[in-house]
Amino acid sequence: MAINVYFVRHGQTYLNLYNRMQGWADGPLTPKGEEDAKRVGRALAPIQFDYVFCSDLARTVSTTRFLLAEHPDNNPTPIPEPAFREEFFGYFEGEDGQHFADFLGGPDGYHSFAEMVAGWGPDKLKDKIAAADNYGTAEDHVAFWKRVDKGFDRLRALPDGSEVLIVSHGATIRSIVQRYSDAYDPGDSPRNGSITKLTLDKNNTTVDFYNKLELPE
């Protein structure tokens, strides 16, 4: 079996604009974020999707609505899927991104989220965030993958040849790409409204392309 999976990062939100930590916390789409969603809907026009999933967070639900409004008709009804939520930052949800990077990464010389991901890798960063959360609520890499893997099990149960759209989140998409490919810079975060394509068969996950604003020719 083989299915094609197109991951799209949600459009820009106000928490993105203000550089705030945004995992399970949710900010509404900015006007640019709405345009991000419409643009990627037009970019994906050549693909007729058999299934559409989105994280159950409001920013991905909104992005999916704007995206499909610009996509050809006869799209399937979007299915909310918590497995493809963003990483949960626990106590640090809503924290100023620069302050957080200085706090957590500063001792090792990292002063942005991208620098921490590039230096430690996505999974080690998850564990450091979880260890720094005095409430013990942030996801470490084990909890994160336990959740995300349920989504991949659901995808692999779809019919052979399915074309699938998933509207998800930056850290989640980047973590998936880094898990299944070493061909991409771990510090390169998916842009709002970007497209990442995976091919799944029974035993393998292949990253075909990452972080594109248009479908490659």
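The values are calculated or read from the model by the stated rules, or taken from the named source; none is laboratory data. Because the structure is a prediction, the values reported are computed rather than measured. A quick note on method: Cβ atoms are made from the backbone with ideal geometry, for glycine too, and the neighbour counts reach across all protein chains shown. SASA here: full protein model, heavy atoms, side chains in, ligands and nucleic acids out. Shrake-Rupley method; radii C 1.70, N 1.55, O 1.52, S 1.80 Å.
Approximating the spin labels as points 7 Å out from Cα along Cα→Cβ, the R156-to-D182 distance works out to 2.2 nm.
Using a probe radius of 1.4 angstrom, the carbon and sulfur fraction of the accessible surface of the range 97-175 is 52%. Each residue of the range 184-201 was assigned a 3J(HN,Hα) from its phi angle through the Karplus expression (A = 6.51, B = -1.76, C = 1.60, θ = phi - 60°), giving 10, 5, x, x, 8, 7, x, 6, 4, x, 8, 10, 10, 10, 10, 10, 10, 10 Hz with x at Gly and Pro. Accessible area per residue for the range 53-189, computed on protein heavy atoms with a 1.4 Å probe, is 44 Å². Distant-in-sequence amide contacts of F209, defined by a placed amide H-H separation under 5 Å and a gap of 5 or more residues or a different chain, comprise K197.
Ranking of I176, I79 by solvent-accessible surface, largest first: I79, I176 (1.4 Å probe, protein heavy atoms only, all chains present). Listed here are the pairs K32/K197; K150/K212; K124/K146; which of them are more than 19 Å apart at the Cα? Those over the limit are K32/K197; K150/K212. Extension gain for the segment D149 to Y18, taken as residue separation times 0.36 nm less the Cα-Cα distance, is 44.1 nm to one decimal. If you sort the three axes of the alpha carbon gyration tensor as a ≥ b ≥ c, you get a/c of 1.5 or more for the range 1-111 and a/b above b/c, which makes it prolate. What the phi angles of the range 101-113 give under the Karplus curve with 6.51, -1.76 and 1.60, with θ = phi - 60°, is a coupling list of 4, 5, 5, 7, x, x, x, 9, x, 9, 10, 7, 4 Hz, glycine and proline written as x. Calculated from the structure, mean projected area of the Cα convex hull in nm² equals which of [x] 13.4; [y] 11.1; [z] 15.5? Only one option fits the structure, namely [y]. Taking a ≥ b ≥ c as the square roots of the eigenvalues of the Cα gyration tensor, the range 1-47 is oblate, since a/c reaches 1.5 or more and a/b is not larger than b/c.
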